[in-house]
Amino acid sequence: MALSGSFSGSILSGNYKLRVDWSASQNISNNTSRITCVMYLVQASSWGLGINTRDDNKTVINGTTYTWSSPAISNGGGKTTKLATVTSGNIAHNADGTKSVTITATFELNATISGTYRDTITASATVTLNTIPRATQPTLSASSADMGDTVTVSMPRASSNFTHDLAYKLGSGSYVSVATGRGTSYSWTVPDVASQLPSATSGKLTLRCITKNGSTTVGTKYAYLTAKVPASVVPPAPTLAIEEATAGLAAQFGAYIQNKSKLKVSIAATGVKGSTITAYQTTLLGKTYTGSSWTSPVLSGSGTVQLVTKVKDSRGRWSAAKTTNVTVLAYSTPQINALTAYRVNSAGAGDEQGEYLRLDYRYSVTSLNSKNTARAVIQYKKSTEDTWTTLQTETALSANKSIKPATPTFSIDFQYDIRLTVTDWFGTSRTYSTVLPSGAAILDLLA
């Protein structure tokens, strides 16, 4: 294969030679060539010639005849004379870019040399031109597609002998083979390259198409596709580890207590296909918390308390929200619903002159699954004194009682203060007081 060359034909043992120097220019996009031929007469030394111009000389290029005139020649030999220059029209190559062209030049010598009439000198050759590259330009059925989707690669080849090798690369990466030896079309599954795009939702793929004729590479062309990370690729819902943050509560109750417990929350989450977690968001009782670990204020609500958590990854995508339910036991301070003191006789019957006490009382402490504790203390003192004396202590979580202690006795000459103090596990207490009046006065001698 070449784009230029020379060939010749001769008479008289090569002493008169017709030389043809040819060159070709190619139009790659049109798959054509134009050939220019320059004809020369080459005379050996001492082989002279004297002729007038000749008008019927011919050069046939790829079957097309071009007629040309040559100048008059008069010399004693040893000369090279340029006869003419001929340029062809556009010569179409084969579909695969190949082309061989036959060139025949005829010089009308028409002269008697050494007593013999010589009419023509002919030079002919078949030249093989450079193959014009006919690489296939691939086109895609879509300019962008989700990873895992299918796009059609169309490869309108110039020759049925051509095949195509396909490969892709992401960004400036290395090429990865897709298919080899393909014809005019290929159904391409967009590769999953999400793990190479940890902070992006799409990437540019370069599809390389190498056109081959057998084992010979004709050329290479490219197509481009935006590969999108599917919208379904989001971080999985996070997992939460929740524990009691207020010392002692977990061991005592094994539950969360209203107005007492604090939640210590730790969030575990992972990205997907190369992404990393960049943000955390949890809502609890109307307040939003950020960060992978935090401690709540004291829980003011009771019943089922919800923590709604989601995370965001380096692609800017949020996970589905994870709802975690926490049961919080309702709590209130100890309640004293009744405390009444009466004077009674030794038999327990009501008696304004009685020296015994009957006490009716009712209290309750929040059970907290029966794990709360209570200490109910009943005390008394003369109203004129400051020191209290314990009458009775009990530990029931609630009571609704009427008691008549055998001791002590309460002098009818004095009024007594009676009080009930109830304290729970938290040290929270409530106190309620009442009065045991003095005995009724029938006659006041002092008066």
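The values are calculated or read from the model by the stated rules, or taken from the named source; none is laboratory data. Please read these numbers as outputs of a predicted model, since none were measured by experiment. Every residue, glycine among them, receives a Cβ derived from its backbone with ideal geometry; neighbour counts consider all protein chains shown. Ligands, DNA and RNA are excluded from the accessible area calculation, which covers all protein heavy atoms including side chains. Shrake-Rupley method; radii C 1.70, N 1.55, O 1.52, S 1.80 Å.
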Matching residues in the stretch 47-63 - criterion: being surrounded by 12 or more Cβ atoms within 10 Å (Cβ to Cβ), in a strand (DSSP E or B) and of a type outside the set (D, E, K, R): L49, I51, N57, T59, V60, I61
Number of the exception - A374 against (1) open to solvent by 60 Å² or more (accessible area, probe 1.4 Å); (2) under 26 Å from P334 (Cα atoms); (3) out of contact with any helix residue (DSSP H, G or I) (no Cβ under 7 Å at 6 or more places or on another chain): (1)
Output for the stretch 129-186, where each listed residue is closer than 18 Å to L197 by Cβ and basic (K, R): K169
All positions within the stretch 231-261 that are surrounded by fewer than 16 Cβ atoms within 10 Å (Cβ to Cβ) and not hydrophobic (A, V, I, L, M, F, W, C): S232, P236, T239, E243, G248, Q252, G254
Of all residues making up the stretch 13-32, the number that are open to solvent by less than 40 Å² (accessible area, probe 1.4 Å) and at positive phi: 2
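Any chance the stretch 84-102 includes a residue that's out of contact with any Cys (no Cβ under 9 Å at 6 or more places or on another chain), over 25 Å from P133 (Cβ atoms) and in contact (Cβ under 8 Å) with a residue 12 or more places away in the chain? Quick ask: steps written out before the conclusion?
Within the stretch 84-102, the first condition is being out of contact with any Cys (no Cβ under 9 Å at 6 or more places or on another chain), and the residues that meet it are 89-102.
Still in the running and over 25 Å from P133 (Cβ atoms): none.
No: zero hits.
Within the stretch 33-46, restricting attention to residues that are open to solvent by 20 Å² or more (accessible area, probe 1.4 Å) and without any contact (Cβ under 8 Å) to a residue 40 or more places away in the chain, which residue is nearest to the chain's Cα centre (by Cα)?
Filtering the stretch 33-46 for residues that are open to solvent by 20 Å² or more (accessible area, probe 1.4 Å) and without any contact (Cβ under 8 Å) to a residue 40 or more places away in the chain, the one nearest to the chain's Cα centre (by Cα) comes out as V42.
Can you tell me which residue in the stretch 196-222 is farthest from T131 (Cα to Cα), limited to those that are open to solvent by 40 Å² or more (accessible area, probe 1.4 Å), touching a residue at least 40 places away in the same chain (Cβ under 8 Å) and in contact with a Phe, Trp or Tyr (Cβ under 7 Å, 6 or more places away or on another chain)? Before you say what the answer is, go through the steps one by one.
Within the stretch 196-222, the first condition is being open to solvent by 40 Å² or more (accessible area, probe 1.4 Å), and the residues that meet it are 196, 198-199, 201-202, 204, 208, 212-217, 220-222.
If we keep only those that are touching a residue at least 40 places away in the same chain (Cβ under 8 Å) too, we end up with 196, 198-199, 201-202, 208, 212-214, 220-222.
Cutting the leftovers down to in contact with a Phe, Trp or Tyr (Cβ under 7 Å, 6 or more places away or on another chain) gives us 208, 212-213.
Working: R208: 22, K212: 13, N213: 11 Å.
By that ranking, first place goes to R208.
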Among (1) in contact (Cβ under 8 Å) with a residue 12 or more places away in the chain; (2) within 26 Å of D313 (Cβ to Cβ); (3) surrounded by fewer than 18 Cβ atoms within 10 Å (Cβ to Cβ) - the single one V193 does not satisfy: (3)
Among residues of the stretch 262-287, those that are closer than 18 Å to G301 by Cβ, open to solvent by 20 Å² or more (accessible area, probe 1.4 Å) and either in contact (Cβ under 8 Å) with a residue 12 or more places away in the chain or under 23 Å from the mean Cα position of the chain (by Cα) (or both), counted: 4
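Yes/no per residue for (1) at pLDDT 95 or above; (2) open to solvent by less than 40 Å² (accessible area, probe 1.4 Å); (3) touching a Leu at 6+ places or on another chain (Cβ under 7 Å):
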{"residue": "G97", "(1), (2), (3)": "no, yes, no"}
{"residue": "V101", "(1), (2), (3)": "yes, yes, yes"}
{"residue": "L109", "(1), (2), (3)": "yes, yes, no"}
{"residue": "T116", "(1), (2), (3)": "no, no, no"}
